[in-house]
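The values are calculated or read from the model by the stated rules, or taken from the named source; none is laboratory data. Keep in mind the model is a prediction, meaning the values are calculated, not measured. We place every Cβ from the backbone using ideal geometry, glycine too, and count neighbours over all the protein chains shown. The protein model used for the area step is the full one, side chains on, heavy atoms only, and it has no ligands, DNA or RNA in it. Shrake-Rupley method; radii C 1.70, N 1.55, O 1.52, S 1.80 Å.
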Amino acid sequence: MADPSSYRPKPGQIPDSPGVYKFRDQHGRVIYVGKAKSLRQRLSSYFQDLANLHQRTRTMVTTAASVEWTVVTTEVEALQLEYSWIKEFDPRFNVKYRDDKSYPSLAVTLNEEFPRVQVMRGPKRKGVRYFGPYAHAWAIRETVDLLLRVFPVRTCSSGVFKRSAQIGRPCLLGYIGKCSAPCVGRVSAGEHRELAEEFCDFMAGRTGTYLRRLEQQMRDAAAAMEYEKAARLRDDIEALKRAMEKNAVVLADATDADLIAVAEDELEAAVQIFHVRGGRVRGQRGWVTDRVEEVGTAELVEHALQQLYGDERGEGVPKEVLVPALPEPYEPVQQWLTGRRGSQVSLRIPQRGDKKDLMATVQRNAQQALALHKTRRASDLTTRSRALEEIAEALDLDSAPLRIECFDISHLQGDDVVASMVVFEDGLARKSEYRRFQIKSFAGQDDVRSMHEVVSRRFRRYLLEKQKTGEWVDGDGDGGKGNGGEGNGGEVAGGPIDPDTGRPRKFAYPPQLVVVDGGQPQVAAARRALDELGVEDVAVCGLAKRLEEVWLPGEDDPVILPRTSEGLYLLQRVRDEAHRFAIAYQRNKRSKSMKAGALDSVPGLGESRRQALLKHFGSLKRLRVATVEQICEVPGVGRRTAEAVLAALAGAAPAGPAVNTATGEIIEEEGRPVR
């Protein structure tokens, strides 16, 4: 535990101006980022008597080992820089809202020639129009199914679309009238795009125009005694009305607003957001956070606004944002939102009327979300803690293994041998730390040698990083740098954090436990690799699939954990995740090698010209029977290259169809599966 006075800036050293500051721990990791209207006043508040500080603030300042700051001109710049640093460094003591799930949105891919309507999750992509997010994907599909009667926009995947275009027949939706079938030319690209834009207008709340137009068309058809057409238009109108009823009218038709409510206790806070567009609730989402710093409702709202709109532009930021408490001061936040939208944004607390009533509904949702999360979190934390304690007890470890790394080997009959390393911290997968390996030291199938190589490579990198940072001293006492004592050109970085990027170095942190997928031989290989490198403070175990036995180095009998043990369940999850990651990598390598053909060996023929040849002739079969003059017609291909292509194809005639052993599909000569 550090003494804050040991790194307190000297009096007068801190400027009395707006800025952003960072606290770092002894390893150089950024653990807290904050902004201030006056850096001098804010930072001075951290270096007072520890007894006067909030418990969480006291923990932060005693964990930190240094503080630094950056001066900016305005509070708006401070807000922008704070958001950028929090996103880049992910400080452990900052408020970090996390979605309790990945909310789906309705997306229209206007960046494609033939826009597609689909359900999307994850980060937003450029050129795609989004509506939502929604609580459930089925709610989106129900709405889309109703709207396709009136706006028959394409919903199929690229593969289905291309297949229909090739065979000249639309899919089922084209036959039942829920797709305009642009794949077979029933409508042009321009007409289909117009349909997609009308679909977007309707979803954005401009519904009256389309309803009035359809009603007029229905009356005209009835007057002309075209009763079947009138009946179809009547059904279309009913479908639109049912779709509109799914989003209750809550505010005036022209209202575009986001309502944000916060429910909190001493340890955690939940945020709920209702997205209102065109007077209707078009989407809902929620976040939960640990209150690792001493913040009030206004500061929680400010952090929520940063996360909600930090990556948004234009219409992604609404005209009006309604909150339960205003940040102090709120003007810089409002200016920041206005800059991101490109027009005036109103940030305020609703005082009366329908907006206040709706805010009360959002507040009730936030309270329910917090109560539900606490129920789940208590169970989850208890289970994970119990699992780690059971593992530590079963393996006779000094403490619970907070970081576990698992290794697995994957191959196909001795070919394409690869390995995976997955990382679990505090019982949760840390996918950013996952690593993949290709076996390099030998060819063929030998899981034991492969395990020894992979573990050696991983911990050799760890020792190398310690050597670079000056944390490791070898038997000669010169830091592993050799006779000259310089090591790595004399450059010594300060800790496992890269000083240039501020991010952890690869392989810089050792695990407390290494798990291997296998029995005694694999465990012995992993232990031998660690002993050869002099790594003694890392435990090793293996989990054999046959009886789910846990093997320890040098032991003749396995450790048997009860089938109901939470520790065994965690080890199984770690092992299965390593297996999944290794299989995915191995299949990816295999599929790439299967697509390599005779053209790959032609000298001077790069990827672009190979693709141009296949596109021009359609397949290797047609290319094989082409003449030199016909091949020379392809842009960029000369006579000498054309002759080399024909020579390569003549010497590589296929004996029969290739089969993808992962899926059972027959591979055509150009590398596409036959369906």
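Quick notes
- Whichever residue in segment 162-194 is part of a helix (DSSP H, G or I) and open to solvent by less than 30 Å² (accessible area, probe 1.4 Å) and, among such residues, is farthest from residue 257 (Cα to Cα): 164
- Members of segment 324-340 that are over 28 Å from the mean Cα position of the chain (by Cα) and hydrophobic (A, V, I, L, M, F, W, C): 325, 326
- Look at (1) crowded, with 21+ Cβ neighbours inside 10 Å; (2) at pLDDT below 80; (3) aliphatic (A, V, I, L, M) and you find that residue 51 fails only one, number (1).
- Scanning segment 142-154 for residues that are more than 21 Å from residue 237 (Cβ to Cβ) and either acidic (Asp, Glu) or at pLDDT below 80 (or both) yields a total of 0.
- Taken as a whole, segment 211-231 holds at least one residue that is modelled with pLDDT under 85, under 30 Å from residue 165 (Cα atoms) and in a helix (DSSP H, G or I).
- Candidates 562, 510 - the one that is part of a loop (DSSP other than H, G, I, E, B), in contact with a strand residue (DSSP E or B) (Cβ under 9 Å, 6 or more places away or on another chain) and modelled with pLDDT of 70 or more: 510
- Qualifying residue in segment 110-125 (condition: of a type outside the set (D, E, K, R), open to solvent by 70 Å² or more (accessible area, probe 1.4 Å), at pLDDT 85 or above and assigned to a loop (DSSP other than H, G, I, E, B)): yes
- Tabulated pairs, segment 47-58, first in contact (Cβ under 8 Å) with a residue 24 or more places away in the chain, second among the basic types (Lys, Arg), C-beta under 6 angstrom, 6+ apart or interchain: 47/8; 50/58
- Output for segment 322-349, where each listed residue is in contact with a Ser or Thr (Cβ under 8 Å, 6 or more places away or on another chain) and β-branched (Val, Ile, Thr): 345
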